[in-house]
Amino acid sequence: MATLEPIFSQRPLADGAAPRRRGGSLPWPVARALGSFAGGRLDVVDGASRHTFGETGSTRLAARVEIHDPRTWRAVLLGGTIGAAEAYAEGWWSADDLTALIRLVVRNERAAAGLDGWLSRAALALHTALHRLRGNRRLQSRRNVSAHYDLGNDFFAHFLDPSMTYSCAVFPSRACTLEEASRHKLDLICRRLDLSPADDLLEIGTGWGSLALHAASRYGCRVTTTTISAEQHRHARAAVARAGLDGRVTVLDADYRDLPHVVRRRFDKLVSVEMIEAVGQRFLDRYLQVCDVLTKPGGRMLLQGIVIADDRYEAYRRSVDVIQRHIFPGGFLPCLADLRVRLARATAFRVAGRHDITEHYPPTLRRWRERLAANRAELETLGYPRRLLRLWDYYFSYCEGGFLERTIGAVQLVLNRAGAA
């Protein structure tokens, strides 16, 4: 990861002036919080001063932070972790290994919480209120999805593999390319669904169409897929036409809640890959009920999703993080324990298989981040601001650190619906 950082290390200031620097002691709340760090080493370079926290000897987990602008400390003290991410996006600080830094903060969560004074807690309350205003009712859900997925297909094409698969890949070996690992994941899903040419498959959450195309072309089934992203809908329809699969793949622009009235039939198989994160806590039961209603008795569903660790769920659902604030408005991670309760209460689905693919997300994110960094200059030429690129760089590392520390996970649930086929 260290090789990426020089690309995203600084931003040119709008007025052309050199970054303002400060030296000497760190702000006392920062020094106090970092002073109890353990589980690795953190070096902070601020102007001419250097401070080391945590383990002073050699360690497997180490990060070096360099402060380029003293406004970093104000952002952190007033905005907490969201403020730190915003300062990174502005280019006010950099790290030689951003993922390692995220992991250190996760390992020292209680100490890092010491940075949260009453002002940052007030900012968090404001962020939480704004997040709740972005609840996933139909119209707002479209706005939330558009804010993330409609940044531009060319933006995503510059870091995704050629199939435009935007979900956790599965690497059968470390030597696999991202494209090979994405294709392996798509095939794994089709095999776990036990797809055949006789199947009528519904996909909730098209993405850019890679799974629908794979299922129809490799397994011969009929596919109906839906997305409420205008950019994804346009891309997927064009991809289906290019592949000559118009007669086998139907791409809808429909909210999942409206599908029973749109498709007016049940399906042999149903799949939803990393779409549940866009549903929101309030609508989880409704989402699962729609999946249940649209699956034939004796049918099967595969649900792939990112989940928060069970023991973090209560605190998570009452708060808001940088992803919900700046990357995916309206986003919400369920936890497995809560999902099991909801499935039993609201559906006729029974969990037939659970596959943990968490270990495959860090290499997926790493490759996305590498591609984003390699294409930075071209993306800026296309009009994407450096602040956005740095924010997504932070987003990828933030998630990678979470997966490596197992505060979040990625799972595939195979769900069989009760009843005779």
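Table for the structure above
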{"quantity": "Qualifying positions in the stretch 49-71 - in a helix (DSSP H, G or I) and buried (at least 22 other Cβ atoms within 10 Å of the Cβ)", "calculated": "none"}
{"quantity": "Which numbered condition Q232 misses (of (1) surrounded by 17 or more Cβ atoms within 10 Å (Cβ to Cβ); (2) free of Cβ contacts under 8 Å to residues at least 60 places away in the same chain)", "calculated": "(2)"}
{"quantity": "Of the criteria (1) in contact (Cβ under 8 Å) with a residue 60 or more places away in the chain; (2) surrounded by 20 or more Cβ atoms within 10 Å (Cβ to Cβ), which one P334 fails", "calculated": "(1)"}
{"quantity": "For F171: the one exception among (1) touching a helix residue (DSSP H, G or I) at 6+ places or on another chain (Cβ under 6 Å); (2) closer than 24 Å to D246 by Cα", "calculated": "(2)"}
{"quantity": "Qualifying residue in the stretch 101-114 (condition: out of contact with any His (no Cβ under 6 Å at 6 or more places or on another chain) and not in a helix (DSSP H, G or I))", "calculated": "yes"}
{"quantity": "Candidate set from the stretch 271-281 (those that are outside any helix (DSSP H, G or I) and among the β-branched types (V, I, T)); member that is modelled with the lowest pLDDT", "calculated": "V279"}
{"quantity": "Within the stretch 282-329, considering residues that are part of a helix (DSSP H, G or I), of a type in the set (A, V, I, L, M) and closer than 16 Å to L413 by Cα, the one farthest from the chain's Cα centre (by Cα)", "calculated": "L288"}
{"quantity": "Conditions (1) surrounded by 20 or more Cβ atoms within 10 Å (Cβ to Cβ); (2) of a type outside the set (S, T, N, Q); (3) at pLDDT below 95: number failed by L77", "calculated": "(1)"}
{"quantity": "Matching option when the condition is in contact with a Pro (Cβ under 9 Å, 6 or more places away or on another chain) and either under 17 Å from S229 (Cβ atoms) or not assigned by TED's automatic domain parsing to the domain that holds P362 (or both), among H148, H184", "calculated": "H148"}
{"quantity": "Flag if V320 is among the hydrophobic types (A, V, I, L, M, F, W, C) and under 21 Å from L288 (Cα atoms)", "calculated": "no"}
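The values are calculated or read from the model by the stated rules, or taken from the named source; none is laboratory data. Every value quoted in this text rests on a predicted model; they were computed, and no experiment measured them. Here Cβ is always computed from backbone atoms with ideal geometry, including for glycine, and neighbour counts include all displayed protein chains.
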